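Quick note: the coordinates plus some simple rules give every number you see, no bench work behind them. None of these values were measured; they are calculated from a predicted model. Note that we place each Cβ from the backbone using ideal geometry, even for glycine, and neighbour counts take in every protein chain shown.
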Amino acid sequence: MVASPDEVHAARRRLREAGVPETEWQDGGMTRVQVTDPDGYRVELFAY
């Protein structure tokens, strides 16, 4: 969990710029982004 939805948005921009594959995105109520690491594990950042 991160401090605010704005931090999730900023992280999403950085991840996209780095070419990290995004698997899920949710905005509204809870904001979250889910990506995969190089080994295929899912990593999630979220905030309420």
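Miscellaneous remarks
- Only helices enter the 222 nm calculation for the chain: every DSSP H run of n ≥ 4 contributes -39,500 (n - 2.57), and dividing by all residues gives -8500 deg cm²/dmol, rounded to 500.
- Dipole magnitude for the chain: about 80 debye, using +1 per Lys or Arg Cβ and -1 per Asp or Glu Cβ, origin at the Cα centre.
- The label-point distance for residue 7 and residue 34, in a model that sets each label 7 Å from Cα toward Cβ, rounds to 2.1 nm.
- Loop-located trypsin sites (Lys or Arg not before Pro) in the chain whose Cβ has at most 12 other Cβ within 10 Å (DSSP): none
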